[in-house]
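Everything below concerns the one structure shown next.
The values are calculated or read from the model by the stated rules, or taken from the named source; none is laboratory data. As the structure is a prediction and not an experimental result, all values here were calculated from the model. Here the Cβ positions follow ideal geometry from the backbone for every residue, glycine too, while neighbour counts run over all protein chains shown.
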Amino acid sequence: MASVVSTIGAAAHSAAVSLTTVSQIKPGDALPAVPVKDEEMKPINLHDRPGKIVIVGVPAAFSPTCSNQAPGYVKNYEAFQGKGISNIYVLSVNDAFVMKAWKAKLAGDSTTAVHFVADDTGSFASKLGLVWDASEALGAPRAKRFVIIADSGKVEKVIVEEDVTQLTVTDAEAILSGL
């Protein structure tokens, strides 16, 4: 019985990913008006954020590559501000409790202005066209590893890792050098 349920669950996850697949967002497009949750579980809309923002999409909080990626944005926050970025949002298809705990682990006792936001249903990443079927490794569809630079809700750049397990073009230093 358990294997039947497991097989049905796996098929449902794959079907959900294929049904929600939309064209990948591109420069000139508006960010989707889909709320995500901040560290206090309050819904926020990234498309409403004023100024130039960076959205760092990661597949899984606490995973090794993601835990190597996010600190670069925390460490370089002031450098990003010096390049005209008003806010940085690290986004994952995890719940707000996980994102809050991950932020606390990565930032330690220091405070950081980098926001860790939860796309708990995967709706935002799906609307971006940046979801992959991570069922085998992570148990469910997840966000690809990406960076979006947007200005007052309008996308300026979209950078996506070809291999979600790698950290190359979405590393904080690489993004900074491209600003």
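Surrounded by fewer than 15 Cβ atoms within 10 Å (Cβ to Cβ) and either of a type outside the set (D, E, K, R) or over 20 Å from residue 158 (Cβ atoms) (or both): which single residue out of 64, 35 fits that description?
From the options 64, 35, the qualifying one is 64.
For the range 59-66, does any single residue satisfy the condition of being at pLDDT below 95, closer than 18 Å to residue 131 by Cα and in a helix (DSSP H, G or I)? There is at least one residue in the range 59-66 that is at pLDDT below 95, closer than 18 Å to residue 131 by Cα and in a helix (DSSP H, G or I). Inside the range 1-56, can you point out the residues that are of a type in the set (A, V, I, L, M, F, W, C), part of a loop (DSSP other than H, G, I, E, B) and either at pLDDT 95 or above or over 27 Å from residue 78 (Cα atoms) (or both)? Within the range 1-56, 1, 22, 25, 31, 33, 34 qualify. Within the range 54-66, residues that are more than 12 Å from residue 164 (Cα to Cα) and in contact (Cβ under 8 Å) with a residue 60 or more places away in the chain sit with their Cβ atoms under 9 Å from residues that are β-branched (Val, Ile, Thr) and outside any strand (DSSP E or B), at 6+ positions apart or across chains, in these pairs: 54/175; 56/114; 56/170; 56/175. Among the residues making up the range 105-125, those that are touching a Lys or Arg at 6+ places or on another chain (Cβ under 9 Å) and either aliphatic (A, V, I, L, M) or over 25 Å from residue 22 (Cα atoms) (or both) are 112, 114, 115, 117, 118, 125. Across the range 157-178, the qualifying residues are those that are of a type in the set (A, V, I, L, M, F, W, C) and at pLDDT below 95, and the one among them that is farthest from the chain's Cα centre (by Cα) is 167. Taken together, the residues in the range 77-118 that are touching a Ser or Thr at 6+ places or on another chain (Cβ under 7 Å) and part of a loop (DSSP other than H, G, I, E, B) amount to 0. Name the residue that is modelled with the lowest pLDDT, counting only residues in the range 119-156 that are out of contact with any helix residue (DSSP H, G or I) (no Cβ under 8 Å at 6 or more places or on another chain), part of a helix (DSSP H, G or I) and not acidic (Asp, Glu). The qualifying residue modelled with the lowest pLDDT is 138.
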